[in-house]
Amino acid sequence: MAGPRTRRGTIALAVALTLAVPAGTFGLVLLNADAGFGAALPVGLVLGVAWIVGMVRLLGAAAGCWATGFGVVLWLMALGSVASARDSVILSTSGVTVTARVTAAYDYQQGKHPYSGYTLVDENGTPIPNGTVTTGLRSHAVGDRLAVRYDPGGVATARLPEDIDVPGELAVAFGLNAFVMAVTAGLGASVVRNGRPRRVPFPPRGMVIGRNYPRTTRARR
């Protein structure tokens, strides 16, 4: 049975991994807004690698690798949702709505949901900061004019006014973070109560696993 020190260490590791989820999503998004992508990228890589190593240490090599595989995907989804919610908040609070003109269109037809991207300039021909918006496939053409809301500070990506949904995006961002935190905390609590999951060894390739079948008596002739 694990001693008190080991148990305390496991609890501390589980708590650190759980708190690292919002720190990694909200913290990286804020760092990217303040210091730029060049500063946020190395910090994100270090934090991501540390979280993976911590999960493997918490759950063991076998279960830890499987858990981190799904965890990283969910973590990236949470990170994207926080970044999107940040843009919505910036655009709704300090954004400017202008009539923009489409100068270039790009079609992305791969995948189940094809869409088009449009590069925009204002009425004076000045490029709009982060002024590339996406809509349904070929919804607009070069030369079309449309209302767009953009961030004068150049942090948030420009959007059509109808695409800004602050309550909905905040709900998704907080919901995904809460879900990843709950799963991480639940795995940590399970390890504290029951220990690491035991790895079931696979038999060597080509080996047939025997089964206990009931014996039958061969009929004598």
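Read-outs throughout are calculated quantities, based only on the coordinates presented, and are distinct from any laboratory measurement. Because the structure is a prediction, the values reported are computed rather than measured. Don't worry about glycine lacking a Cβ; one is built from the backbone with ideal geometry, like all the others, and counts go over all protein chains shown.
What the table shows:
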{"quantity": "Whole-Å semi-axes of the ellipsoid equivalent to the chain (Cα gyration tensor, √5λ, descending)", "calculated": "50, 26, 14"}
{"quantity": "Full-extension gain in nm, residue 76 to residue 92, via 0.36 nm per residue minus C-alpha separation", "calculated": "3.3 nm"}
{"quantity": "Relative contact order %, the stretch 96-150, counting alpha carbon pairs below 8 Å whose residues are six or more apart", "calculated": "45"}
{"quantity": "Whole-angstrom gap from the stretch 80-132 to the stretch 61-75, using each part's C-alpha centre", "calculated": "34"}
{"quantity": "Net charge of neighbours whose Cβ lies under 11 Å from the Cβ of residue 95, counting Lys and Arg as +1 and Asp and Glu as -1", "calculated": "0"}
{"quantity": "Residue-wise HN-Hα coupling along the stretch 10-22, computed from phi with Karplus coefficients 6.51, -1.76, 1.60 (Hz; x: Gly, Pro)", "calculated": "5, 5, 4, 5, 5, 5, 5, 5, 5, 6, 5, 5, x"}
{"quantity": "Acute angle (nearest 10 degrees) that the helix 166-194 long axis makes with the longest principal axis of the chain, alpha-carbon atoms", "calculated": "20"}
{"quantity": "Global form of the stretch 96-150, assessed from the alpha-carbon gyration tensor, a/c cut-off 1.5", "calculated": "prolate"}
{"quantity": "Charged-residue dipole, Cβ positions (Lys, Arg, Asp, Glu), the chain about Cα centre, Debye nearest 20", "calculated": "2800"}
{"quantity": "With eigenvalues of the C-alpha gyration tensor scaled by 5 and rooted, the stretch 53-156, Å", "calculated": "39, 18, 9"}
{"quantity": "Cβ-placed point charges (K, R +1; D, E -1), dipole of the stretch 96-150 about Cα centre in debye, nearest 20", "calculated": "160"}
{"quantity": "Calculated diffusion of the stretch 63-113, Stokes-Einstein form, Kirkwood radius summed over Cα pairs, 20 °C and 1.002 mPa s, µm²/s", "calculated": "144"}
{"quantity": "For the stretch 105-115, Karplus couplings with θ = phi - 60° (6.51, -1.76, 1.60), whole Hz, Gly/Pro x", "calculated": "10, 10, 9, 10, 9, 6, x, 7, 10, x, 8"}
{"quantity": "Selection from 92, 153, 16 lying farthest towards where the dipole of the chain points positive, charges on Cβ", "calculated": "16"}
{"quantity": "Whole-Hz couplings from phi, Karplus 6.51/-1.76/1.60, listed for the stretch 137-154; x for Gly and Pro", "calculated": "4, 6, 6, 9, 10, 4, x, 5, 10, 8, 6, 9, 10, 10, 9, x, x, x"}
{"quantity": "Residue 124-residue 166 pseudo-label distance in nm [points 7 Å out on the Cα-to-Cβ vector]", "calculated": "2.8"}
{"quantity": "Fully extended contour minus Cα-Cα distance, from residue 66 to residue 106, at 0.36 nm per residue", "calculated": "10.6 nm"}
{"quantity": "Mean Cα-pair separation over length for the chain, i.e. relative contact order, pairs under 8 Å, 6 or more apart, %", "calculated": "23"}
